[in-house]
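Down below is the structure, laid out as C-alpha cells.
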Amino acid sequence: MRHFRKAAVVLLVDTAGAAIPAVLMYVFRLSSGTRDLWEHFKFGLVYAHCIGTLCFLVVGRVAVRISGLRRMYQIPAFALTFVSLAVAGAFPAGLILVALHWVGPDEFWPQYLGSLRIAIAMTLAVGATISSFEMLTHRLHATTLELRTRQLEEERSRKLATEARLSSLESRIHPHFLFNTLNSISALIREDPVLAERTVERLAALLRYSLDSSARGMVPLRQELRVVQDYLEIEKTRFGDRLRCMVDVPDGIGDLEVPPMTLQTLVENCIKHAVSSNRFGGEIRVTAQLRAEHLLLEVSDDGPGFDKDALKPGHGLDTLQDRLAVLFDGAGRLELSQRDGRMTVSVAVPQKSKTRTGKVLV
C-alpha cells in the first residue's frame with residue numbers, strides 16, 4: 001500500500017513536470033497554438049516518466065548515503081545526482097520518441113542534446129522540492145519520535161519516583177506499628193502468659209497482613225476492619241476497661257478498597273491522644289460509609305483533640321496524608337474536625353471498585 005501510494009505520487013509529479021514546461025512555452029508565446037502545446041506536453045510526458053521513474057528507483061538509496069556526508073557536501077551531492085539522472089533518463093526517452101515515430105532516427109541526437117537543458121532544469125527543481133519535503137518530513141518524524149520517547153521516559157521516571165516514595169512512606173509505618181504492638185505484648189508476658197501468647201498470634205497475623213498488603217497498594221475494607229479489630233484486642237490487653245470502642249460499618253461495602261493500614265493508623269492515633277494520656281481512658285468510634293465517589297472512613301474519640309499543626313512530620317497521620325497524596329494524586333484527603341465534643345479524623349478514599357450488588361463506582 002505504501003509503495004502504491006508513492007508510485008501514485010510519482011505519476012502525479014511526472015505529469016505535472018511534463019505540463020509545466022508546455023504551459024510556460026504557451027504563455028510566453030514560444031508555441032504557435034494548442035497543437036504545439038499538445039506536442040510539447042506529450043514529449044515532456046515521455047521525458048518526465050523516464051527521468052521520474054529512474055529517480056524513484058535510485059534517489060531513495062542514494063539519499064541514505066548522501067545524508068551520511070557532511071552538510072556542506074550534501075547539496076552538491078544531491079545536485080550532481082539529479083543532473084546525472086536527468087542525463088541518463090533523457091536517453092531512453094529519446095529512444096521511445098524514435099520508437100513511436102514522433103522523432104526520426106536522424107533527429108535522435110539533436111533531440112536528445114536539445115532536451116537536456118530543460119530536463120536538467122526540471123529535474124533539479126522538482127528534485128529539490130521533493131528532497132526538501134522528504135527532509136522536513138524525516139525531521140518531523142524524528143522529532144516526534146524523540147518527543148514520544150522522552151515523554152515515556154519522563155512517565156516511567158515519575159512512576160518509579162512515586163513507587164519509591166510510597167515504599168519509603170510505608171517503611172515508616174510498619175516499624176511504628178510494630179513498636180507500639182510489642183510494647184503491649186511486653187506488658188503481658190509476666191501477668192498473663194496465655195494472653196501474651198494469643199497476642200503474639202494476633203501480632204503474627206497483623207505482620208503477615210502488613211507484609212502481604214504492602215505489595216498490593218490497596219486492600220478490601222473487610223480485611224482492614226479485621227486488622228483494626230485484632231489491633232484493638234491487642235491494645236485492650238494493655239488498657240483493659242479504659243479502652244472502649246465501637247465499630248459501625250454497613251453491609252455491602254466490605255469489598256471497597258482502601259490503602260493498607262489506614263484505619264489502624266487512625267485508631268492508633270486515637271489511642272495515643274485520647275486513651276493512653278487519660279487515666280480514665282477514652283471511647284473510640286470507627287465508622288465507614290459510601291458518599292458520592294468516595295469511601296469515607298471516620299475514627300473519633302472523646303479526647304482533648306488537636307489540629308494539623310500538632311502532626312509530627314514523618315509519623316502517623318502526617319505519613320498517612322502523604323500516602324494518600326501519592327496514591328490518589330490529590331483525589332484522596334485527610335481532614336480533622338471537632339464535633340459534639342469529639343475529635344474526628346476522616347479519610348476520603350476515591351473508589352473505582354464494585355459493591356456486592358455489582359454496582360460500579362467511578
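The values are calculated or read from the model by the stated rules, or taken from the named source; none is laboratory data. For clarity, every value in this text was computed on a predicted model and none was experimentally measured. As a convention, Cβ positions derive from the backbone with ideal geometry for all residues, glycine included, and neighbour counts pool all protein chains shown. Accessible surface is based on the protein model in full, side chains and every heavy atom, while ligands, DNA and RNA are left aside. Shrake-Rupley method; radii C 1.70, N 1.55, O 1.52, S 1.80 Å.
Side notes on the structure shown:
- Where strands (runs of 3 or more DSSP E) fall wholly inside region 269-344, the ranges with 2 or more residues that are within 32 Å of the chain's Cα centre (by Cα) and free of Cβ contacts under 8 Å to residues at least 60 places away in the same chain are 294-301, 333-339.
- Per-region count, region 270-300, residues among the hydrophobic types (A, V, I, L, M, F, W, C), open to solvent by less than 70 Å² (accessible area, probe 1.4 Å) and within 19 Å of Glu235 (Cβ to Cβ): 8
- For the residues Ala310, Ala331, the requirement of being at negative phi, modelled with pLDDT of 80 or more and either of a type in the set (A, V, I, L, M, F, W, C) or surrounded by 14 or more Cβ atoms within 10 Å (Cβ to Cβ) (or both) singles out Ala331.
- Residues in region 59-72 that are in a helix (DSSP H, G or I) and in contact with a helix residue (DSSP H, G or I) (Cβ under 8 Å, 6 or more places away or on another chain): Val59, Val62, Ala63, Ile66.
- Hey, Val83 assigned to a helix (DSSP H, G or I), within 41 Å of the chain's Cα centre (by Cα) and not small (Gly, Ala, Ser) or not: no
- Residue in region 288-305 that is over 30 Å from Val194 (Cβ atoms), touching a Phe, Trp or Tyr at 6+ places or on another chain (Cβ under 7 Å) and not charged (D, E, K, R) present: no
The rows are residues; the columns are (1) at negative phi; (2) assigned to a loop (DSSP other than H, G, I, E, B); (3) crowded, with 18+ Cβ neighbours inside 10 Å; (4) at pLDDT below 85.
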| residue | (1), (2), (3), (4) |
| --- | --- |
| Leu206 | yes, no, yes, yes |
| Glu224 | yes, no, yes, no |
| Met246 | yes, no, no, no |
| Pro250 | yes, yes, no, no |
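- Test result for Arg238, part of a helix (DSSP H, G or I), at pLDDT below 85 and open to solvent by 60 Å² or more (accessible area, probe 1.4 Å): yes
- Members of region 96-113 that are part of a helix (DSSP H, G or I), over 17 Å from Leu45 (Cβ atoms) and open to solvent by less than 70 Å² (accessible area, probe 1.4 Å): Phe108
- Any pair with Cβ under 8 angstrom, 6 or more apart, that starts in region 61-86 at a residue that is open to solvent by 70 Å² or more (accessible area, probe 1.4 Å) and ends at one that is in a helix (DSSP H, G or I): Ser67/Gln74; Leu69/Ala77
- Considering residues of region 138-180 that are at pLDDT below 75 and of a type in the set (Ser, Thr, Tyr) only, the residue farthest from Ala63 (Cα to Cα): Ser171
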